[in-house]
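Single-structure report; data block below.
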Amino acid sequence: MHIPVKLLASLLLAAAAPVAAQQDVLYYKFDETGGKKVVNYASGSGLAPAEGSLVGNNTPQFQAGRFGPGCLSGGTATTAAGSTYVATGYQNSMTGSSFTVAWYMKQRTAPPSTSYFFYSNAGFRSFTGGVAGRGLYTRSWNTAGGTPSDLILTTDVQTLAAANWVHIALVVDATALTATYYIDGVAQTPITISAGATNTTAGLFTAAGFSTTNGGLYDIDEFRFSKRAASAAEILAWKTQTSPADGPYGKACNGGTLASSGGAPKLGNMAYTLNLGGGNGAYALGVGINRLSLGGVPLPFDLGAVFPGLAGCLWECSGDLFVNGVVVGGAVTIPVPIPASPSLDGVPLWCQAIIVGTGTQQTTNGLAIGIGL
């Protein structure tokens, strides 16, 4: 039987997707547009927390994004008052590993010295300025003596990012023994490396900056880190569009759960479904366009003011639409077919539910839905 090459490639990519997802660590869309938390859309791998925390006092901390409504704002200075970075909560560890890191960048402030894009472990970091000049260095990617010690991109990324959004990616392939930078989806000359990435010294991963005294000066969008070598086709897709993805945020109270099934929230996916779990009772599922305000009331909001049994439980959805029903048998499925409308590309939705039964009051975690192609 003859199978067309394009169809075979699609089948292979589909089969590989679950394995790839298990190695994805961080994916921040920064579509919150406010607040101190950002959803990690790669938390389903179980490798990193569901949310990162913003550290620093740069104002504003969000700007209009390359895709979707928001991005993390670059700083005005590499200080706690002038910049912001993401404390991911992820403890990185690699031994002879592949990895991929990627982000969109746009200059907010011309760096007078070093400006960092991430930092982890014993100096595993990427930066422009300083010894990197107007290019980009990734340093201490292998602390076991792997060569070269620095993975260097000599292209003047500062001038590019001063003019427009630029997509940067670095793929370290432990099998091919290459490190390849990509600029706007185009592979640069591969760098031959002696081994895969190794860095096992304890240290938490920070995105879009290093510390309170070394924040980043570039607007950052679509930040990703994976413990695998992404393909050239993936890098080009990341440069071209935001990825459909969803992820939990906030905290549930008394055992409520909210998750999804039926595939990613992709345009035209008519099988996308929300799965609500908890005790039997009436539910109200809120679907909103933000997690910051409900009818003018700032979020998160302590539900104890309305439901005494939910004191200390936080509501984090604008609730522009509510779907009501009854939970029977501890679970209910709610179909949410996604139209194939280009106007929905990049739109984020924020969902959360309350369940009220006989002697039982529950809230679910929130679920952020990032619609994409």
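The values are calculated or read from the model by the stated rules, or taken from the named source; none is laboratory data. Please read these numbers as outputs of a predicted model, since none were measured by experiment. All Cβ positions, even for glycine, are placed from backbone atoms using ideal geometry, and neighbour counts span all protein chains on display. For the accessible areas, the whole protein counts, side chains as well, though only heavy atoms, and no ligand, DNA or RNA atoms are used. Shrake-Rupley method; radii C 1.70, N 1.55, O 1.52, S 1.80 Å.
Checked against (1) of a type in the set (D, E); (2) in contact with a Lys or Arg (Cβ under 6 Å, 6 or more places away or on another chain); (3) touching a residue at least 40 places away in the same chain (Cβ under 8 Å), D156 passes all but condition (3). Candidates in segment 95-143 are the residues that are charged (D, E, K, R) and in contact (Cβ under 8 Å) with a residue 40 or more places away in the chain; of these, the one that is most open to solvent (accessible area, probe 1.4 Å) is R108. Taking strands (runs of 3 or more DSSP E) as the structural unit, those lying wholly within segment 174-285 and holding at least 2 residues that are closer than 30 Å to G357 by Cα, open to solvent by 20 Å² or more (accessible area, probe 1.4 Å) and not aromatic (F, W, Y) correspond to 245-249, 257-261, 273-277.
Looking across C317, C351, one residue alone is part of a strand (DSSP E or B), open to solvent by less than 50 Å² (accessible area, probe 1.4 Å), within 26 Å of E51 (Cα to Cα) and not acidic (D, E). It is C351.
Of the residues making up segment 74-109, those that are outside any strand (DSSP E or B) and either touching a Phe, Trp or Tyr at 6+ places or on another chain (Cβ under 6 Å) or not small (G, A, S) (or both) are G74, T76, T78, T79, T84, N92, R108, T109.
Exactly one residue among P335, P339 is farther than 22 Å from K251 by Cα, open to solvent by 10 Å² or more (accessible area, probe 1.4 Å) and in contact with a strand residue (DSSP E or B) (Cβ under 6 Å, 6 or more places away or on another chain), and that residue is P335.
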